[in-house]
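Below: one structure in structure tokens.
The values are calculated or read from the model by the stated rules, or taken from the named source; none is laboratory data. Predicted model only: the values in this text are computed from it and were never measured. Cβ: placed from backbone, ideal geometry, glycine included. Neighbour counts: every protein chain shown. Surface areas here come from the heavy atoms of the whole protein model, side chains and all, with no ligands, DNA or RNA. Shrake-Rupley method; radii C 1.70, N 1.55, O 1.52, S 1.80 Å.
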Amino acid sequence: MTEIKHKYEKNLKYNLPDRKGFFGEFGGAYVPEKLQLVLKQLEVDFEKAWADDNFLNEVYERLKEISGRPTPLYFAENLTKHYGNKAKIYIKREDLNHTGSHKLNNVMGQALLAKKLGNKKVIAETGAGQHGVAVATAAAFLDMECKVFMGSHDIARQKLNVERMKMLGAEVIAVEDGLKTLKDAVDAAINYWLENCDDTFYILGSTVGPHPYPKIVRSFQSIIGVEIKEQILEKEGRLPDYVLACVGGGSNASGTFYPFYDDTDKVKLIGLEAGGEGVETGKHSAALAKGKKVILQGGVQYALVDENGNVGKSYSISAGIDYPGCGPELCYMKDAGKAEFYPVTDNEAIKAFGLLSKIEGIVPAIESAHAVAYLEHLMPQTKEGEIVIVTLSGRGDKDGERLVQYFE
Ligand SMILES: *Cc1c(COP(=O)(O)O)cnc(C)c1O
């Protein structure tokens, strides 16, 4: 027997999605017939790889060497003191991953799957560029050809990441449709894939899109929650009372929450969405607070819609969580009452960004600062002896310029 070194949970009672890709009434694969066949094959290939401990060992080994896993679970003593020494606050340091966020956890899994399947070419979509950079990085060391689809509006506002992708050897393809942002980039990537699926693997970046992508991405990201569980048991000898994560498409939240899905009677799971300028202003990305149930990009989910029922515009100061929908698993978790979700405004996130930087010396991504911001509401309700864990999805190096603009 080979030694099992990987860190993936496979024995939960929670067992969604079902075989058709549904989390309750969310998810599924509403796509053209040709794509359905391709997705069906992907599902078979993924399930086979997921059952193979040698494959998972290889994914984990790469993440260890290249991304520095396991990331620390850091006791934020100053932050705990700041909130009056009530619950102890721990931070899961996904910001310390190579390329700056949790994205590589998923990308490494999918890129190694592509390689195992004999694909030499990968494609990806990107909004802010973080997923594109992670895919370009994996493609570089696995010696694969890489094309990244990106809306031309995003290309103009995320120059640094565009240059990074090019340096890593990727081709960045400007998408000129629609609002020229993330949603249009996903559509363009899917269309390209449909024509080139014989030799090309599509590495999707969040827990969205048609089945099996939400499951694949959540599975590879579940390494975050598995490590948290192991680390907190080692440090405190018990499970936490609260676990917090920010929510865009939902991958860092789903990955953080997943190993706790059998424990929701003891552990409160809380996701924080981008409330932008306030959900009452209409300028936000809070799909769970304000969305309607629609089919978006191949799956049923909550998404912001306009008065004509079309997918509406989203807004957030933070490009990484500026998305009009939310992954099907989190939509289900909300309706089933297994997790709670709250919007956090730009201003609250910026305040948390400053606080964490100044008192812990950790400059968070502005996306991640949304999760930190919720501590203002949560901490007064906690008691000494309780434990709060916040997943910090990424670091803030990329946000300096944007924040300077904001303050001006
Ligand atoms: C991409 C990104 C997010 C949002 O994506 P999820 O799929 O919701 O996790 C959050 N934080 C950072 C740092 C990101 O790069």
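Where the accessible area of the chain is counted over protein heavy atoms with a 1.4 Å probe, how much of it, in %, is carbon and sulfur?
49 percent
Which shape class, rounded, prolate or oblate, goes with the range 257-408 when its Cα gyration tensor gives a ≥ b ≥ c as root eigenvalues, a/c under 1.5 marks rounded, and past that a/b bigger than b/c marks prolate?
Numbers: a/c = 2.00, a/b = 1.11, b/c = 1.81.
Note, shape of the range 257-408 comes out oblate.
Here is a follow-up. How would you rank 244-250, 371-377, 391-397, highest first, on the average number of other Cβ atoms within 10 Å across their residues?
Details: 244-250: 31.9, 371-377: 22.4, 391-397: 24.3.
By packing density, highest mean first, the sequence is 244-250, 391-397, 371-377.
While we're here: How do 298-304, 384-390 rank on mean C-beta neighbours within 10 Å, highest first?
Sorting 298-304, 384-390 by mean packing, highest first, produces 298-304, 384-390.
Separate question: Strictly over 25 Å apart at the Cα level, which of K40/K166; K235/K266; K40/K121; K166/K215; K334/K358 would you flag in this model?
Flagged as over cut-off: K40/K166; K166/K215; K334/K358.
Under 5 Å between amide H atoms, partner at least 5 residues away or on a different chain: which partners does V390 have, H built in plane at 1.01 Å?
When sequence neighbours closer than 5 places are left aside, the close amide H contacts are Y90, I91, K92, L244.
For H98, tell me the accessible area in Å² from a 1.4 Å probe, rounded to the nearest 10.
Using a 1.4 Å probe on the heavy atoms, I get roughly 80 Å².
Give the ranking of K13, K229, K64 by solvent-accessible surface, highest area first, calculated with a 1.4 Å probe.
Largest accessible area first, the residues go K13, K64, K229.
The range 148-203: which GluC sites (Glu not before Pro) are DSSP loop and have at most 13 other beta-carbon atoms within 10 angstrom?
Passing sites in the range 148-203 are E176.
Using a ≥ b ≥ c from the Cα gyration tensor of the range 286-343 (square roots of the eigenvalues), is it rounded, prolate or oblate, where a/c under 1.5 gives rounded and otherwise the larger of a/b and b/c decides, a/b for prolate?
Oblate.
For K351 and N196, compute 0.36 nm times the residue count separating them, minus their Cα-Cα distance, and round to one decimal in nm. Can you show the working numbers first?
Details: separation 155, 0.36 × 155 = 55.80 nm, distance 4.56 nm.
Using 0.36 nm per residue and subtracting the Cα-Cα distance, I get 51.2 nm.
At a 10 angstrom cut-off on C-beta neighbours, averaged per residue, how do the peptides 182-194, 251-263 rank from highest to lowest?
251-263, 182-194
So with the 1.4 Å probe, I'd like the accessible area per residue for the range 110-248, rounded to whole Å². Intermediate results must be reported in sequence, preceding the final value.
Working: 4980 Å² over 139 residues.
Value for the range 110-248: 36 Å² per residue.
Classify the chain: rounded, prolate or oblate, from the alpha-carbon gyration tensor (a ≥ b ≥ c, eigenvalue square roots; a/c under 1.5 rounded; otherwise prolate if a/b is larger than b/c)? Spell out each step's value before the answer.
Details: a/c = 1.39, a/b = 1.20, b/c = 1.16.
Since a/c stays below 1.5, the shape of the chain is classed as rounded.
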